[in-house]
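Written out below as structure tokens is the structure these notes cover.
The values are calculated or read from the model by the stated rules, or taken from the named source; none is laboratory data. Fair warning: this is a prediction, and the values are worked out from it, not measured in the lab. Backbone-built Cβ (ideal geometry, glycine too); neighbour counts: all protein chains shown.
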Amino acid sequence: MTASCVHVMVIAADNRFRIREGIIQAVSEDIREAYPQDGRPWVIGYSGGKDSTALLQAIYYALAQPPRMELRKHLYVVACDTRVESPRISARIGAELAAIQNAAERDRLPLTCHLVYPRLNDTFWVNLIGRGYPSPTSRFRWCTDRLKIFPVSEFIQSVVSQSGSAIIVLGARKAESATRAQTMRRREIEGNRFRPHADLPKAWVYTPIEDLTTNEVWTYLLNVPSPWNGNNRELVALYKQASGGECPLVIDTSTPSCGQSRFGCWTCTVVDRDKSMEALVECGEEHLEPLLAVRGYLKEIRDTPGSRYDLRRNGTTPYRRGTEEVMTNTGPFTHQTRIDILRRVLEAQKESGITLIEGDELTIIQEIWNREENRHPCKPDVPADTVARIWRHVYEEAPMPGQEDHYNYLDEENRLLHEVCEQQDVPFEMMRRLRDVEEEYGHLKRRHGLSEEMREIVRSYSHGEQGG
């Protein structure tokens, strides 16, 4: 790796792909001035696409090139895997993070890579199949907070709690859209390269490549070798295949939604068509075809008569604004619809060879259905082993993940809870259900019904229901 990589450009033959003289040098100098400005660690957003790759590459070279400055504060590279990422992007992120980490250790940079996930209770399938949330729309995009904002925000907040403050470094660019440019300008502070984050206290935002054009980003990536030996031409090929762009690291509601992005969650039903997935299938990725079919079904079933209850999850009836006319098919998916969706997802998983839904999600889905058996106004008749039955039907009697050992799926938090419950002689299943119900209501401003549901759980165990 040499400093000359930052400055020497091989200009593409196509005149559209030229970089304004000195612009990359200016970005590099700004980063070198910004880094030692204070002791706040940097949290660098990485999504695997062109902008975040260019950003991280520019930071890496700026800090590693001679004359080497004293690198006293830490760099956290954070990426978010929603569990429903486009498979090609998910694979790229994992490989790139490993390469970045190895290169940082080789070059003695104070940099670590972190991949965050949504909480189990917040995953797409737990909410859609488990709780029956309808497929997301532009008016009811319940997924963005749970899948993207919360996991990244929690990571940033953990850094802030350790260090007192943090700088969030993003690959946002004004040329992305007029709305993005307006938002960025509105939050600028004259004479300060950092601006306060709108929602995260003690967190500041820094966007060093904000003035680069899209063509300049591509030209930079194609002509400057990756410091971690990443294959930028492979990234270009991926974009070319999918005719697209990236899903940005989402840290607040002002970040453009993946619904308007070319790469994002393969389950996204906010847009009419997933053109990137369609293009990948047309370019030879036939194994992705079952995913495309599931996504199409999720969009279709959302508005199919009879696919959803007429009552909300809390038992109330929606009305048209200003009238007393009852709105039908406006509640959560019926349990029969959820069962059908789960079967289709598992069939697509088997056919594609790609893990689409994890064993821990399947376990939580069944637990949610079991709880709703007692409290849903429509009193659905769902056997306690419905999920396992569907799995065995699709996989021809193969055991569902986690069934071999009931606690295989438990994460460290659950293992600790199980240990404490054994010590205190308290039913583990009761405590886990109480915790899960509290988490289910945790993101709601109004938690009406929580205390009643928790009392019902305790009452059921006090009348002899088996615990852990």
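Observations on the structure shown:
- When region 29-58 is filtered for residues that are among the small types (Gly, Ala, Ser) and within 30 Å of Ala91 (Cβ to Cβ), the ones remaining, listed by number, are Gly45, Ser47, Gly48, Gly49, Ser52, Ala54, Ala58.
- Flag for Leu356 being in a loop (DSSP other than H, G, I, E, B), in contact with a helix residue (DSSP H, G or I) (Cβ under 7 Å, 6 or more places away or on another chain) and either assigned by TED's automatic domain parsing to the domain that holds Arg455 or at pLDDT 90 or above (or both): yes
- Qualifying residue in region 126-138 (condition: more than 14 Å from the chain's Cα centre (by Cα), crowded, with 19+ Cβ neighbours inside 10 Å, at pLDDT 90 or above and in a strand (DSSP E or B)): no
- Residue count, region 277-288 (criterion: under 18 Å from Leu356 (Cα atoms), in contact (Cβ under 8 Å) with a residue 24 or more places away in the chain and part of a helix (DSSP H, G or I)): 4
- Note on region 23-60: residues that are among the hydroxyl-bearing types (Ser, Thr, Tyr) and either surrounded by fewer than 23 Cβ atoms within 10 Å (Cβ to Cβ) or over 20 Å from Asn223 (Cα atoms) (or both) amount to 4.
- Selection from region 220-243 of residues that are modelled with pLDDT under 90 and buried (at least 21 other Cβ atoms within 10 Å of the Cβ): Leu235, Leu238, Ala242
- The residue list Tyr35, Tyr60, Tyr46 contains one member that is without any contact (Cβ under 8 Å) to a residue 40 or more places away in the chain, aromatic (Phe, Trp, Tyr) and within 16 Å of Pro208 (Cα to Cα), which is Tyr35.
- Yes/no for Ile19 being of a type in the set (A, V, I, L, M, F, W, C), in contact with a Ser or Thr (Cβ under 6 Å, 6 or more places away or on another chain) and farther than 30 Å from His287 by Cβ: yes
- Screening Leu444, Leu417 for residues that are under 28 Å from the mean Cα position of the chain (by Cα), at pLDDT 70 or above and of a type outside the set (Val, Ile, Thr) leaves exactly one candidate, Leu417.
- Test result for Pro66, out of contact with any Ser or Thr (no Cβ under 6 Å at 6 or more places or on another chain), assigned by TED's automatic domain parsing to the domain that holds Asp51 and in contact (Cβ under 8 Å) with a residue 60 or more places away in the chain: yes
- Members of region 39-54 found to be in a loop (DSSP other than H, G, I, E, B) and either farther than 23 Å from Glu154 by Cα or among the aromatic types (Phe, Trp, Tyr) (or both), listed by number: Tyr46
One line per residue, one yes/no per condition, for (1) at pLDDT 90 or above; (2) assigned to a helix (DSSP H, G or I):
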| residue | (1), (2) |
| --- | --- |
| Leu147 | yes, yes |
| Phe150 | yes, yes |
| Phe155 | yes, yes |
| Thr183 | no, yes |
| Pro201 | yes, no |
| Trp204 | yes, no |
| Pro208 | yes, no |
| Trp218 | yes, yes |
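- The C-beta contact set for region 210-228 (first residue under 26 Å from Arg108 (Cβ atoms), second residue part of a helix (DSSP H, G or I) and aromatic (Phe, Trp, Tyr), distance under 8 angstrom, 6+ apart or interchain) comprises Val224/Tyr61; Pro227/Tyr60; Pro227/Tyr61; Trp228/Tyr60.
- Listed by first and then second residue, the pairs linking a residue in region 142-157 that is touching a residue at least 60 places away in the same chain (Cβ under 8 Å) and surrounded by fewer than 18 Cβ atoms within 10 Å (Cβ to Cβ) to a residue that is part of a helix (DSSP H, G or I) and hydroxyl-bearing (Ser, Thr, Tyr), with Cβ atoms under 8 Å apart and 6 or more places separating them unless they lie on different chains, form an empty list.
- Just one of the numbered conditions (1) under 18 Å from the mean Cα position of the chain (by Cα); (2) in a helix (DSSP H, G or I); (3) within 23 Å of Ala54 (Cα to Cα) is not true of Ala103: (1).
- One residue stands out among those in region 197-238 that are touching a Ser or Thr at 6+ places or on another chain (Cβ under 8 Å) and aliphatic (A, V, I, L, M): the one that is farthest from Ala95 (Cα to Cα), which is Ala198.
- Residue in region 91-113 that is modelled with pLDDT under 95 and in contact with a Ser or Thr (Cβ under 9 Å, 6 or more places away or on another chain) present: yes
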